[in-house]
Structure formats: C-alpha cells, structure tokens
Amino acid sequence: MDVLRSAVGLTVFTVLLASWAFTFVIGGERLFGHVWDQLVMYNLADRLGLTETMQIVTPQTARAMI
C-alpha cells in the first residue's frame, strides 16, 4: 500500500512539474494572455514589495563588494 501511495504521489508531482515547465516552453503569454504578467512570480513579489532588498550584481558592483 505504501508503494502505491508513493507511486501516486510521484506521478502527481511529475505532472505538476511538467505542466509548470511546459507553461514556459509554450509561452505563458499565449496561454494566459495579459494576465500572465500578473502571474509571474517576480512581478508578484515586486507588487508586494519583496524585491526592494534585492540587488543586481554586475561586474562593477561585484568589484565594489570585494
């Protein structure tokens, strides 16, 4: 019984992961339309103010950190 539940769990996980990956392969804009911009995690984090502490590291800023 435990093996069966593990197999079902692995199958569900694989389907969810594959559907998430295919969303990006096919193109989220074509699947979801203009709502795609609101669904992308970076845009969601930006709207919630979670990206204010993120810093983009460029070669110039990396040298300044050293």
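Rounded to the nearest 0.05, what FRET efficiency is calculated for Leu48 and Phe13 with R0 set to 22 Å and r the Cβ-Cβ distance?
Using R0 = 22 Å, I get an efficiency of 0.25.
Listing Trp20, Trp36 from the residue with the fewest other Cβ atoms within 10 Å to the one with the most, what is the order?
Listing Trp20, Trp36 from fewest to most nearby Cβ atoms yields Trp20, Trp36.
Each reported figure results from applying straightforward, stated rules to the coordinates on display, with no laboratory input. Since the structure is predicted, the reported quantities are computational estimates derived from the model, not experimental observations. We place every Cβ from the backbone using ideal geometry, glycine too, and count neighbours over all the protein chains shown.
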